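Asks: The following block contains the structure, expressed as structure tokens.
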Amino acid sequence: MIKKLRVFDLDDTLIYTQCKVFVVKNNEIVRKLSTEEYAKYSKQDDESFDFSDFRLLRKAKINPECFESFVKILGSSLRSEKKIAILTARGNEALPAIKRFLVKHVGCEFVKRIEIVTLGSSDPFDKYNWVFDQIAFYQIQDVVFFDDSSRNRDIVSQLKDEFPDRKIFSVDPHPKNDLELKSQLNIGVKYME
């Protein structure tokens with residue numbers, strides 16, 4: 001029986017890439033946005049987004065602080081009733097690249113223990129709904145959610161209202177200072193057992 005859920009965002013949480021979101025206007029790319037820029041960008045009515053670059057993990061690099069916690073939590077999941085998930089806004093077409101990257105960095109046996117969920121959406125409520133469904137279906141008692149987006153963390157933290165008897169923590173992998181970093185990452189490490 002699964003009692004604990006550990007959820008990690010991919011981009012700018014576990015890894016950094018040079019993938020871009022293309023802003024399209026009149027069928028032409030008018031701007032290329034990093035994931036950080038995209039999170040803050042206000043799309044105009046006559047613009048659309050093209051996420052085709054996110055099929056790849058172009059020039060992917062590990063975020064060492066968060067990836068280290070991910071590996072520790074992943075290792076501890078072998079001895080416990082814990083579900084580990086990577087919950088990404090990327091679409092299904094990115095799944096092979098994500099799996100290859102993980103096999104390279106944590107090994108095939110560990111990758112089998114990870115549920116990789118490609119939402120194909122950057123809407124924070126899609127992450128909220130996925131975590132909600134996991135808690136409800138498995139009767140999960142303890143959730144730690146790692147995500148660089150404050151919007152995603154804030155929305156998922158609202159699950160505490162829906163499940164007041166459950167432990168639900170949101171962790172920022174990019175805190176403002178070293179003390180906050182240690183505190184945030186210790187939440188994940190503390191709940192490895």
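Asks: Would you mind telling me which residue in Val106, Val30, Val21 has the biggest mean-square fluctuation in a Gaussian network model of the chain, where springs connect alpha carbons within a distance under 10 angstrom?
Replies: Highest fluctuation of the listed residues: Val30.
Asks: Kindly provide the chymotrypsin sites (Phe, Trp or Tyr not before Pro) of segment 1-102 that DSSP labels as loop, not H, G, I, E or B, and whose Cβ sees at most 15 other Cβ atoms within 10 Å.
Replies: Tyr41
Asks: Using a 1.4 angstrom probe and counting only protein chains, how large is the accessible area of Ile29 in Å², to 10?
Replies: Ignoring ligands and nucleic acids, Ile29 comes out at about 90 Å².
Asks: Just subtract the alpha-carbon distance of Asp53 and Gln18 from 0.36 nm times their residue separation and send over the number in nm, one decimal.
Replies: 11.7 nm
Asks: Could you work out what % of the accessible surface of the chain is carbon and sulfur, using a 1.4 angstrom probe and leaving DNA, RNA and ligands out of the count?
Replies: Carbon plus sulfur share of accessible area: 50 percent.
Asks: Per-residue HN-Hα couplings for segment 99-116, Karplus 6.51 cos²θ - 1.76 cosθ + 1.60 at θ = phi - 60°, whole Hz, x for Gly and Pro?
Replies: Going residue by residue, I get 4, 4, 4, 5, 4, 4, 9, 10, x, 4, 4, 6, 4, 4, 8, 9, 8, 9 Hz, with x marking Gly and Pro.
Asks: Could you work out the relative contact order of the chain? I mean the mean sequence separation of Cα pairs under 8 Å and 6+ apart, divided by the number of residues, in percent.
Replies: On the way: 327 pairs, mean separation 49.2, N = 193.
With pairs under 8 Å counted, the relative contact order is 25 percent.
Asks: Rolling a 1.4 Å sphere over the protein heavy atoms, what is the accessible area per residue of segment 1-136, to the nearest Å²?
Replies: Averaged over the residues of segment 1-136, the accessible area is 53 Å².
Asks: Also, quick follow-up: Considering only DSSP beta bridges with both partners in the chain, what is the antiparallel share in %, to the nearest 5?
Replies: 35
The values are calculated or read from the model by the stated rules, or taken from the named source; none is laboratory data. In this text the structure is predicted, and so the values were computed from the model without any measurement. Every residue, glycine among them, receives a Cβ derived from its backbone with ideal geometry; neighbour counts consider all protein chains shown. For accessibility, only protein heavy atoms count, side chains too; no ligands or nucleic acids. Shrake-Rupley method; radii C 1.70, N 1.55, O 1.52, S 1.80 Å.
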